[in-house]
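Undergrad: Have a look at this one before I ask anything.
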Amino acid sequence: MSDLNEDHAAIADGAERFALATFGPERARALADRDDVALRSAGAEGWLALLAPEANGGAGQGHSAACAVAESFAGHLAPMSYANVAATAPLLAELGFERLEDALNGRLLVACAIRAAADDRVRVSSAQAGYRLAGSCRGVFWGGAADYFLVEASDAGQPVLALVSRSASGASVVARSTVDGLGVADVTFSDSKVECALHGAPAVRALLWLRSSLAVLSAAELIGVSETALRLTLEHLKTRQQFGRPLGSFQALQFKAVDAYAGLALARALTKQAARLLDSDATGAFAAAAAARAKAGDAAIFLHRAAVQMHGAIGFSEEHTIGLCLKRALSLSVAWGNSGDWRGAIALAPGGAEGVAFRTDTAADAVFRKDVRTWIDAELPDRLRSLPTRPSVADALWWHGKLYERGWIAPSWPKEYGGMGASVAQMIILYEELGAAGAPEISGQAIYHFGPILQIFGTPGQKARFLPEMLSGAVMWCQGYSEPGAGSDLASLRTRAVRDGDHFIVNGSKIWTTWGQHAHWMFALVRTNPVVKKQEGITFLMIDMSSHGVTRRPIRTIAGEEEFAEIFFDDVRVPIENVVGEIDGGWRVANAVLEKERLHGANPIRCAQMIARVKSAAGASGLLHEPSFADRFARAEIDHVALSATFAQIVEIAETGARSRGDFAFAKLVAGELQQQLCELLAEACGPMAAVSEPLTFGEDRITPGVAYMQNRRVTIYGGSSEVQRLLIARRVLGLTTPR
């Protein structure tokens, strides 16, 4: 796993070296349900005892480190379930198991006979000599090779965590082979003696911890094997020739690969954060772990199906490793419950998916959050809360002014430029509270997109002149990128700027310019050199919209508002001093602006608002409890939790100034499509009233489903359409060639 601390990185590196030397496809092909040599080798190196307390002979590490090991082992097709052996070790110590050392060294194997949700088929009875077990457990993962079983049972309604020997009287094990060789077993107990057990509250705590641990570690295993499958697939796409060109140059396969990558990236971010929560014993840790496991299972199956398909016939042959990956992914995806089971388990957790928080407020953060919430409650009128569209220009500027007066208009701007200079925690808190209150959008072109870029590329004079007016809202900016013949293909720009002394003469047009009919200034891309390579002849220019020769035509959207405008330039004179960066060097500046725009577009707050609306409408109609709808809504909630985990990491990356390797494009892609999925769920929840353009009332919530549905069509278009984002990710992140 990436972004580990120094100690965990060393553990991950060691695990990778061990797995590379010990496991691999040939060992996996042996299809042995128990590879004692591999198990004991891992035990001898201390990998099985990573989570066990040091006092009991373990390493006393946390799940962040253990997940890194699980990824490496699964990525090399280890003939074992690392999640099983790592998760059971701490509980064996708590149970006082006499043969703990044998378990930690791999000399015996304990299988977990539990499922994602409580299973009440096994019962215990008290006897003078101890507990006795009766009942059956079906499909115990790795159960055919187990020496002992860690069983979830009940005693007159009270939970019990019991350890039973395979050789106990009345214990019967029927082993079943699986496609990946690890096997499962049906285990039956008939008055079988329990060696040791936890009962009541200790059992509740232990079972919650065990489920959480199995969830997050098996999610990491699914990510590990999926990483291998993705790597193999990308290699195949880059080297396999079809119709005289690499398979990876075909757009359909690029899109399929990107979607597989995106699902895996969401699962990875969520698993990493869930491991952190589990290690800190945070509220919502189980829900986060269950969400990670559900997402990793779905992502792994999608990725492996796509991988085999993209390999073609060779992918269906036993001799190729991709088939081994698919087999292991299938086996892991149903161990201890499938993704649907884990989604159902989240609903039973306190707070459900909404209870998951990837950070805990410090005392100072809590004070800041209270300050923000109190101020919003006092200043934001009800008429501007949860609007289905953008507010009017007057209302947007009014709200801009209120935030400016409070000092919160530009949380990410440094204080030297008049910004808030907020910490990552403060920015997230401010976004969360504004989103929770349904605060209206401001015109973000200056604050979120251009302002931060001007701070980097602008001259001292440009900064001194323009940044203060951006902050105050005295000057509204718009973006001049798209043209009638160059939407997301910015390299095909035709708006020309010809130098005339100390001015440029600009001719051409821009379109889909948000609030261009109201803006005072535009930051635009213009072609200044038609001879060189397309990207090399573009300049980034600031244009005064009151200049002679500028004409504006408002464009009405399907949401019923004049959000866009087409701007025409007819011999518009622009001073050379308005160039940002270098002449003919605007492509670099433009890409920086787009990164900022995509980061802003990836903010999960809008999805959180939509989730609240869906829950309100579906709760009122009763659809929230209909199984099919509930499962689809749970998938969307998990994607939102995963997006939140991803966004938190991206914000941290952005704050350190490190490059994100295309993660901005990935997160923006996910956020936009998730918003649209939620709009579709909202329409379904509203039933016959879904197309209504007037507000509907659900309890205290006012929802305009028809307008919201139309308005959210734009989120997968602006800032580069989803299709363009996929092409960018395919080329820049996955290394696939550009289609010709």
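Undergrad: Filter segment 184-198 down to the residues that are of a type in the set (Gly, Ala, Ser) and over 42 Å from the mean Cα position of the chain (by Cα), then identify the one that is farthest from Ser169 (Cα to Cα).
TA: Step one: list which residues in segment 184-198 are of a type in the set (Gly, Ala, Ser), which gives 185, 190, 192, 197.
In the following step, the residues that additionally are over 42 Å from the mean Cα position of the chain (by Cα) were identified as 190, 192.
On the way: Ser190: 8, Ser192: 5 Å.
My answer is Ser190.
Undergrad: Moving on. Within segment 81-98, is there a residue that is over 21 Å from Ala289 (Cβ atoms), assigned to a helix (DSSP H, G or I) and touching a residue at least 60 places away in the same chain (Cβ under 8 Å)? I'd like the intermediate steps shown before the answer.
TA: Here is the first cut: in segment 81-98, the residues over 21 Å from Ala289 (Cβ atoms) are 95-98.
Filter again for assigned to a helix (DSSP H, G or I), leaving 95.
Add one more test, that the residue is touching a residue at least 60 places away in the same chain (Cβ under 8 Å), and what stays is 95.
Checked segment 81-98: at least one residue is over 21 Å from Ala289 (Cβ atoms), assigned to a helix (DSSP H, G or I) and touching a residue at least 60 places away in the same chain (Cβ under 8 Å).
Undergrad: Then there is this: Please verify whether Ala111 is part of a strand (DSSP E or B), modelled with pLDDT of 90 or more and not basic (Lys, Arg), treating the condition exactly as stated. Quick ask: steps written out before the conclusion?
TA: On the way: part of a strand (DSSP E or B): yes; modelled with pLDDT of 90 or more: yes; not basic (Lys, Arg): yes.
So Ala111 passes the test.
Undergrad: Moving on to the next point. Condition first: among the small types (Gly, Ala, Ser) and assigned to a helix (DSSP H, G or I). Can you find one or more residues in segment 471-490 that meet it?
TA: Within segment 471-490, the subset among the small types (Gly, Ala, Ser) is 472-474, 480, 482, 485-488.
Checking the rest, the ones that are also assigned to a helix (DSSP H, G or I) come to 472.
Checking segment 471-490: at least one residue is among the small types (Gly, Ala, Ser) and assigned to a helix (DSSP H, G or I).
Undergrad: Output the residues belonging to segment 184-240 that are in a helix (DSSP H, G or I) and in contact with a Cys (Cβ under 6 Å, 6 or more places away or on another chain). Walk me through how you get there before you give the answer.
TA: Taking segment 184-240 first, the residues in a helix (DSSP H, G or I) are 201-239.
Listed by number, the residues that qualify are Ala220, Val225, Thr228, Ala229.
Undergrad: If Asp33 passes every condition in (1) surrounded by 14 or more Cβ atoms within 10 Å (Cβ to Cβ); (2) assigned to a helix (DSSP H, G or I); (3) charged (D, E, K, R) but one, which one does it miss?
TA: Result: Asp33 fails condition (2) only.
Undergrad: Which pairs have Cβ atoms under 9 Å, sit 6 or more apart or on different chains, and link a residue in segment 498-510 that is touching a residue at least 12 places away in the same chain (Cβ under 8 Å) to one that is part of a loop (DSSP other than H, G, I, E, B) and among the charged types (D, E, K, R)?
TA: Gly508/Arg494; Ser509/Arg494
Undergrad: Looking at Phe504, Phe540, can you tell me which residue is surrounded by 22 or more Cβ atoms within 10 Å (Cβ to Cβ) and more than 40 Å from the chain's Cα centre (by Cα)? Spell out the reasoning first.
TA: Details: Phe540 fails: more than 40 Å from the chain's Cα centre (by Cα).
Within the list Phe504, Phe540, the selection yields Phe504.
Undergrad: Being within 19 Å of Gly96 (Cα to Cα), surrounded by fewer than 18 Cβ atoms within 10 Å (Cβ to Cβ), touching a residue at least 24 places away in the same chain (Cβ under 8 Å) and not charged (D, E, K, R) is the requirement here; does Leu208 meet it?
TA: Details: within 19 Å of Gly96 (Cα to Cα): yes; surrounded by fewer than 18 Cβ atoms within 10 Å (Cβ to Cβ): yes; touching a residue at least 24 places away in the same chain (Cβ under 8 Å): yes; not charged (D, E, K, R): yes.
For Leu208, the condition - within 19 Å of Gly96 (Cα to Cα), surrounded by fewer than 18 Cβ atoms within 10 Å (Cβ to Cβ), touching a residue at least 24 places away in the same chain (Cβ under 8 Å) and not charged (D, E, K, R) - is met.
Undergrad: On to the next question. Please enumerate the residues belonging to segment 99-108 that are surrounded by fewer than 22 Cβ atoms within 10 Å (Cβ to Cβ) and either among the polar types (S, T, N, Q) or assigned to a helix (DSSP H, G or I) (or both). Quick ask: steps written out before the conclusion?
TA: Keep residues of segment 99-108 that are surrounded by fewer than 22 Cβ atoms within 10 Å (Cβ to Cβ), which gives 99-102, 105, 107-108.
Of everything in segment 99-108, those that are surrounded by fewer than 22 Cβ atoms within 10 Å (Cβ to Cβ) and either among the polar types (S, T, N, Q) or assigned to a helix (DSSP H, G or I) (or both) turn out to be Leu100, Glu101, Asp102, Asn105.
Undergrad: Which of the residues spanning segment 37-55 are surrounded by fewer than 14 Cβ atoms within 10 Å (Cβ to Cβ) and either in contact with a Leu (Cβ under 9 Å, 6 or more places away or on another chain) or aliphatic (A, V, I, L, M) (or both)? So that I can check it myself, show each step before the final result.
TA: In the first step, residues of segment 37-55 are kept if they are surrounded by fewer than 14 Cβ atoms within 10 Å (Cβ to Cβ); the result is 37, 44, 54-55.
Hits for segment 37-55 are Val37, Ala44, Ala55.
This table checks each residue for (1) modelled with pLDDT of 90 or more; (2) under 25 Å from the mean Cα position of the chain (by Cα); (3) among the hydroxyl-bearing types (Ser, Thr, Tyr).
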| residue | (1), (2), (3) |
| --- | --- |
| Arg383 | yes, no, no |
| Thr389 | no, no, yes |
| Asp395 | yes, no, no |
| His400 | yes, no, no |
| Val424 | no, yes, no |
| His449 | no, yes, no |
| Leu454 | yes, no, no |
| Gln462 | yes, no, no |
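Undergrad: From the set of residues in segment 351-410 that are of a type in the set (Val, Ile, Thr) and under 30 Å from Leu278 (Cβ atoms), which is surrounded by the most Cβ atoms within 10 Å (Cβ to Cβ)? Give the derivation first.
TA: At the first step, the residues of segment 351-410 found to be of a type in the set (Val, Ile, Thr) are 356, 360, 362, 367, 372, 374, 376, 389, 393, 409.
In the following step, the residues that additionally are under 30 Å from Leu278 (Cβ atoms) were identified as 356, 360, 362, 367, 372.
Working: Val356: 30, Thr360: 13, Thr362: 10, Val367: 11, Val372: 21.
Selected residue: Val356.
Undergrad: For Lys256, indicate whether it is at pLDDT 95 or above, of a type in the set (Lys, Arg) and closer than 20 Å to Ala345 by Cα. Before the answer, list the steps.
TA: Values: at pLDDT 95 or above: yes; of a type in the set (Lys, Arg): yes; closer than 20 Å to Ala345 by Cα: no.
For Lys256, the condition - at pLDDT 95 or above, of a type in the set (Lys, Arg) and closer than 20 Å to Ala345 by Cα - is not met.
Undergrad: Can I ask one more? Restricting attention to segment 719-733, which residues are assigned to a loop (DSSP other than H, G, I, E, B) and surrounded by 20 or more Cβ atoms within 10 Å (Cβ to Cβ)?
TA: Step one: list which residues in segment 719-733 are assigned to a loop (DSSP other than H, G, I, E, B), which gives 719-721.
Result: Gly719, Gly720.
Undergrad: Can you tell me which of Phe316, Phe286 is aromatic (Phe, Trp, Tyr), modelled with pLDDT under 95 and within 19 Å of Ser218 (Cα to Cα)? Spell out the reasoning first.
TA: Details: Phe316 fails: within 19 Å of Ser218 (Cα to Cα).
Only one candidate passes the filter, namely Phe286.
Undergrad: Gly662: within 29 Å of Lys272 (Cβ to Cβ), at pLDDT below 85 and buried (at least 19 other Cβ atoms within 10 Å of the Cβ), yes or no?
TA: Details: within 29 Å of Lys272 (Cβ to Cβ): yes; at pLDDT below 85: yes; buried (at least 19 other Cβ atoms within 10 Å of the Cβ): yes.
So Gly662 passes the test.
Undergrad: From the list Gly143, Gly181, Gly130, exactly one residue is surrounded by 20 or more Cβ atoms within 10 Å (Cβ to Cβ), touching a residue at least 60 places away in the same chain (Cβ under 8 Å) and either at positive phi or within 38 Å of the chain's Cα centre (by Cα) (or both). Which is it?
TA: On the way: Gly143 fails: touching a residue at least 60 places away in the same chain (Cβ under 8 Å); Gly130 fails: surrounded by 20 or more Cβ atoms within 10 Å (Cβ to Cβ).
Just one listed residue meets the conditions, Gly181.
Undergrad: From the list Gly224, Gly170, pick out the single residue that is surrounded by fewer than 21 Cβ atoms within 10 Å (Cβ to Cβ) and farther than 16 Å from Phe141 by Cα. Outline the logic, then answer.
TA: Numbers: Gly224 fails: surrounded by fewer than 21 Cβ atoms within 10 Å (Cβ to Cβ).
That would be Gly170, the only listed residue that is surrounded by fewer than 21 Cβ atoms within 10 Å (Cβ to Cβ) and farther than 16 Å from Phe141 by Cα.
Undergrad: Identify, please: which residue in segment 1-30 is part of a helix (DSSP H, G or I) and either of a type in the set (D, E, K, R) or in the same structural domain as Ala146 (by TED's automatic domain parsing) (or both) and is, among those, modelled with the lowest pLDDT?
TA: Start the filter on segment 1-30 by keeping residues that are part of a helix (DSSP H, G or I), which leaves 6-22, 25-29.
Subset that is either of a type in the set (D, E, K, R) or in the same structural domain as Ala146 (by TED's automatic domain parsing) (or both): 6-7, 13, 16-17, 26-27, 29.
Numbers: Glu6: 76, Asp7: 79, Asp13: 93, Glu16: 95, Arg17: 95, Glu26: 90, Arg27: 90, Arg29: 87.
Within segment 1-30, the match that is modelled with the lowest pLDDT is Glu6.
Undergrad: Would you be able to say whether some residue in segment 519-529 is loosely packed, with under 15 Cβ neighbours inside 10 Å, within 28 Å of Val707 (Cβ to Cβ) and small (Gly, Ala, Ser)?
TA: Within segment 519-529, none of the residues are loosely packed, with under 15 Cβ neighbours inside 10 Å, within 28 Å of Val707 (Cβ to Cβ) and small (Gly, Ala, Ser).
Undergrad: Mind telling me which of the residues Ile456, Ile428 ends up being part of a helix (DSSP H, G or I), surrounded by 16 or more Cβ atoms within 10 Å (Cβ to Cβ) and among the hydrophobic types (A, V, I, L, M, F, W, C)? Spell out the reasoning first.
TA: Values: Ile456 fails: surrounded by 16 or more Cβ atoms within 10 Å (Cβ to Cβ).
Checking each option against the conditions leaves just Ile428.
The values are calculated or read from the model by the stated rules, or taken from the named source; none is laboratory data. A quick note: this is a predicted structure, and the numbers were derived from the prediction, not measured. Glycine gets a Cβ as well: all are built from the backbone with ideal geometry, and neighbour counts include every protein chain shown.
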